[in-house]
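Peer 1: Dropping a structure here in structure tokens format, bear with me for questions.
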Amino acid sequence: MLILLLAASAMSAPERAEAPADAFFAHLSALCGRAFEGRIVSPPVASDREFAGKRLTMHVRDCGENEIRIPFRVGEDASRTWVISRRAHPGEASAVLGLSHDHRHGDGSEDRLSRYGGASVAPGTESRQEFPADAFSRDLFARENLPASIENVWAVEVHPARKFAYELRRPGRFFRVEFDLSRPVEPGSAG
């Protein structure tokens, strides 16, 4: 038993198992500079009409050590960007991930409904992370009279060489869009 404990404590950092959030961020970082086309795979609802018949693309870009920006384009509408960031977690050796939504008007000014999202509260997996709405987002949704959104939980999945998925769920609402990672598109057409 003592030998096992000594062997475990002697492992260098690269030999230790990578935390799920760190592995997830690495999978996402590997897509940097590439763009992909997607489609909605959740059942259609009236509020998804703005997506109907439009080309959906994402472009993984502006990749840093602790932040990756992913513009999500709906047809010609380039107002949405998903921002995945590594955040320090007090008392923990590894970081948690954050998801925020950066919404802009055509002139580049910030929309009143922007910067909402949350931090991963569970370890997740190397392929899926979930982000319940944080206090800032709940306050924003309450102030903007969007009470249903207070219970939002977003998820992002990365399955290397196969699929990237973004989803939103809450009571009475489920939205999911999946992107084919096996078929990159030209970044210029993705925002």
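Peer 1: Given a 1.4 angstrom probe, what's the average accessible area per residue across region 122-172, in square angstrom? Spell out each step's value before the answer.
Peer 2: On the way: 2560 Å² over 51 residues.
For region 122-172, the per-residue accessible area is 50 Å².
Peer 1: Another one. Within region 118-191, which GluC sites (Glu not before Pro) sit in a loop by DSSP and count at most 12 neighbouring Cβ atoms inside 10 Å? All intermediate terms of the calculation are to be shown ahead of the outcome.
Peer 2: Values: sites: 126, 130, 144, 151, 157, 167, 178; in loops: 126, 144.
Taking region 118-191 and a limit of 12 other Cβ atoms within 10 Å, the loop GluC sites (Glu not before Pro) found are 144.
Peer 1: Starting from the residue with the highest accessible area, list 125, 57 in decreasing order, probe 1.4 Å.
Peer 2: Details: 125 65, 57 5 Å².
Highest to lowest solvent-accessible surface, that is 125, 57.
Peer 1: Once the other residues with Cβ under 14 Å from the Cβ of residue 33 are scored (Lys, Arg +1; Asp, Glu -1), what is the net sum? Intermediate results must be reported in sequence, preceding the final value.
Peer 2: Numbers: positive: 34, 61, 69; negative: 62, 186.
Charge balance near residue 33 sits at +1.
The values are calculated or read from the model by the stated rules, or taken from the named source; none is laboratory data. These numbers were taken from a predicted model, which means no experiment stands behind them. Backbone-built Cβ (ideal geometry, glycine too); neighbour counts: all protein chains shown. Keep in mind that these areas ignore ligands, DNA and RNA; they rest on the heavy atoms of the full protein, side chains included. Shrake-Rupley method; radii C 1.70, N 1.55, O 1.52, S 1.80 Å.
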